[in-house]
Amino acid sequence: QVQLVESGGGLVQPGGSLRLSCKASGFSWNFYIIGWFRQAPGKEREGVACISSLGSRTYIADSVKGRFSLSRDDDENASYLQMDDLKTEDTAVYYCATSWRGQTTRCPIDAANEYDQWGQGTQVTVSS
């Protein structure tokens, strides 16, 4: 069965850091792009970052650029979202998703409808 599982969320104070993990089972995702999204209460789902299948090029949303970074490890079918200098406005449920695009250096950072497989999400709460 194809499955994506996020982990690493939790409660953190402003200025703190979290490292979110997304691990896949049931398929090898070396030809898939990986996207990270978040949804805060009362807001639309927002693209955070994505990483391409070819060359591991990353695209980071302006709202988190300089604070978040994204990587992938195709040998382990895993993606990691490193979040530093967290702010209260980063509070949201964070999701990872994949989309088959073959070998490409591009990825759709904020196009949720282009992603086919989604995890269940992990809650990130930034509060003092």
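Quick notes on this one:
- Among (1) open to solvent by less than 60 Å² (accessible area, probe 1.4 Å); (2) under 12 Å from the mean Cα position of the chain (by Cα) - the single one Gln39 does not satisfy: (1)
- Filtered residue count, region 20-59, keeping only those that are under 17 Å from Ser7 (Cα atoms) and either touching a Pro at 6+ places or on another chain (Cβ under 8 Å) or not aromatic (Phe, Trp, Tyr) (or both): 12
- In region 21-39, the residues that are part of a loop (DSSP other than H, G, I, E, B) and of a type outside the set (Asp, Glu) reach residues that are modelled with pLDDT under 95 and surrounded by fewer than 16 Cβ atoms within 10 Å (Cβ to Cβ) with C-beta atoms within less than 6 angstrom, at least six apart or across chains, in these pairs: Gly26/Gln1; Gly26/Val2; Gly26/Gln3; Phe27/Val2; Phe31/Gly102.
The values are calculated or read from the model by the stated rules, or taken from the named source; none is laboratory data. Treat the numbers as computed from the prediction; the structure is a model and nothing was measured. Please note: Cβ atoms are built from the backbone with ideal geometry, for glycine as well, and neighbour counts cover all protein chains shown. In case anyone asks, the SASA skips ligands and DNA or RNA and just uses the protein heavy atoms, side chains included. Shrake-Rupley method; radii C 1.70, N 1.55, O 1.52, S 1.80 Å.
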